[in-house]
Each structure stands twice: as structure tokens, then as C-alpha cells.
Amino acid sequence: MMNAETSSPAREISGDGHMSVADRFRYLWRNALRNMRPRRRTLRAEAYHPDTITDAWAMASPSRALTLSFLETTLSAVQPKTNLRVLDIGCGSGFMSDTLAALGYQGVYTGIDIGDRFHTNVAHPDAFQRNFVNADAHTFQADEPYDLIISFSALEHIPEDPKLIAHLDTVLSEDGTHLHIVPTAWGLPLYLWHGFRQYSLADIEQRFGATDVRVYALGGLFSFVLHFTFITVMEMLLRVPVRKRLPGLYKSLHRACLRLDQIAPIAPAAYVICSKPNGEHP
């Protein structure tokens, strides 16, 4: 079962919204120290590398492309049941319902978010009964348990994520699955001021335990350098839309770097956390 024990959330600084220069330096310094702190752990991550690179993902960041590839190729092994009750934490537009529908899933989809950006027009309207809850996920009460609880770059924006994780465990079905995509400790120089935190394997083990969890590492050294150069430096810091100006170059480098990551599977940008508290992984 999940472990809610963690360091005090009061020591965390949010990278979302307005930040002074001092706040920015303080955020980077505190997160860098926390991410580098040596901690005992038993959890290990499996490297995920895509067999094929889809052109539709070629303009995305490497970690987003790898996440979509992971869902397409590996989700069915993690959650083989296709008629699901899905809870999407920090759902945004609710795009995940179309992503799941395209993979053959159907059922009931509930998106929850504190801001209402939910889209009613979807590509697969018949796959899911779609619901949106404009609320804090900590207070969400489910009428029925969910088979798949998923989040895509959401946990790092939650101020007290261990409490949320423990609460979500109570609304999970007996054989249900948690699937959360989070930035790794290596993600700090890539995303800079983003959310409250990044996640080391020790952080994941502290929040989810180790016996019922499988973690996949997305990316490697080459995609790290690509993201840092094109997206972090050029687009975030210098405000130069280099991917729009040089799409052909970026696409070529994108494909090459994702393949070359296999020979240097270090510095992954994101982790996929798959937890089955009440069952076993296939």
C-alpha cells in the first residue's frame, strides 16, 4: 500500500505563477539540493525506448513523445482490461479520453481539475461517458471505484501530493492501476520553474512503496541535450520559437536522439509510475 510519509510540504516552493528573481534562485537551489541528496532505495526503473517514432509526435518534446509512445505500446500490458472507469487527475482539456479511446479503451471517463479547460468536442465521442469535476482532487468522493487513475504531469503541481496519493488509493478498484507521469530529478534543468518538485526513485518509493510499483524511465542523454538546447534555452529562456522556425531540423534530431538514447540511457526526463496496490503486475 502507499506510504504518505514525506518531508514537510511547507519547505517546497511552487514554480507555477509569478515568481521574483529571488524566488527563482531559491526554487532551483532547494530542488537541486533535494534531488541530489543520497537516499537509500530499493526501487529501480526500467528504461523505455520506442520501437518506432511516430511523425505525429515529432514536434513534441522528447518526454511527451515518449509518454504517448509508452501509452500506445505498453499500457495494454499494464492495464489489460479495456472497459474501464477512468479518473484523470489534472485533466486539463480532457485529451486523455481520446488518447485512451484510440487505443481501444472505453467506459466512463472522469476528469478532475481546479481550472475548467475541459473540451466537449472529442474525436471519439462514443467511447467514453465523459464527466468533468471542477474541484480539488483531495476532496473528490467517488460513487464507484475506478479501474485506472491516471495523471500526466500533474502530481508535481500538488502541494501535498502524499495526501492526494493516499486518498486516490481509497477510490481505486480491487484490481485497479495507478499510472502517473512525473518529471525526474534530471528534469530540473529541463523544466526549470515547473510545479513544486521533481521525483527521484527514492521520492517515488517513499510515496508509493516498492513492492507493488513498476517505474519506467523515459529518455536518455541525447534527448536530454536536445530538450535542453532547443526547448529550455532557445524557447523558454531566449524566447526564440526554434521548433517553428526549423521544424525539419528538429524532427530529424528528435528521431535520431530518441534512437541514440538506447546507448546512453541516463538522465531520463520523466518517469512513468505504475502502481497496483491490490494486485500484481502482469
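The values are calculated or read from the model by the stated rules, or taken from the named source; none is laboratory data. Predicted model, so just to flag it, every value in this text is computed and none were measured. Every residue, glycine as well, gets a Cβ built from its backbone with ideal geometry; the counts of neighbours run over all protein chains shown.
Give me the helices (runs of 4 or more DSSP H) completely within region 183-282, filtered to those with at least 3 residues that are in contact (Cβ under 8 Å) with a residue 24 or more places away in the chain, ordered by residue number.
Those helices (runs of 4 or more DSSP H) span 188-191, 201-208, 221-226, 247-260.
Could you tell me how many of the residues in region 43-57 are part of a loop (DSSP other than H, G, I, E, B), at pLDDT 85 or above and either loosely packed, with under 13 Cβ neighbours inside 10 Å or touching a Gly at 6+ places or on another chain (Cβ under 7 Å) (or both)? If you could, list the steps in order and put the result at the bottom.
At the first step, the residues of region 43-57 found to be part of a loop (DSSP other than H, G, I, E, B) are 43-44, 49-54.
With the extra rule that they be at pLDDT 85 or above, the set shrinks to 43-44, 49-50.
Checking which are either loosely packed, with under 13 Cβ neighbours inside 10 Å or touching a Gly at 6+ places or on another chain (Cβ under 7 Å) (or both) leaves us with 44.
Qualifying residue count for the region: 1.
Yes or no: region 85-101 includes at least one residue that is in contact with a Phe, Trp or Tyr (Cβ under 7 Å, 6 or more places away or on another chain), in contact (Cβ under 8 Å) with a residue 12 or more places away in the chain and of a type in the set (K, R). For region 85-101, residues in contact with a Phe, Trp or Tyr (Cβ under 7 Å, 6 or more places away or on another chain), in contact (Cβ under 8 Å) with a residue 12 or more places away in the chain and of a type in the set (K, R): present.
Select from region 208-265 the residues that are acidic (D, E) and within 29 Å of E46 (Cβ to Cβ) and write down the one among them that is modelled with the lowest pLDDT.
D212
Only one residue in E174, E144, E235 is more than 27 Å from I53 (Cα to Cα), surrounded by fewer than 23 Cβ atoms within 10 Å (Cβ to Cβ) and out of contact with any strand residue (DSSP E or B) (no Cβ under 9 Å at 6 or more places or on another chain), so which one is that? Matching residue, one of E174, E144, E235: E174.
Among the listed residues S63, S97, which satisfies the condition of being in a helix (DSSP H, G or I) and touching a Cys at 6+ places or on another chain (Cβ under 9 Å)?
Criteria check complete, one pass: S97.
When L179 is tested against (1) under 16 Å from the mean Cα position of the chain (by Cα); (2) in a strand (DSSP E or B); (3) at pLDDT below 95, only condition (3) is not met. Per this entry, S97 is not counted among residues that are surrounded by fewer than 20 Cβ atoms within 10 Å (Cβ to Cβ), on the phi < 0 side of the Ramachandran plot and not basic (K, R). Filtering H227, H194 for residues that are surrounded by fewer than 22 Cβ atoms within 10 Å (Cβ to Cβ), touching a Ser or Thr at 6+ places or on another chain (Cβ under 9 Å) and over 30 Å from E144 (Cα atoms) leaves a single hit, H194.
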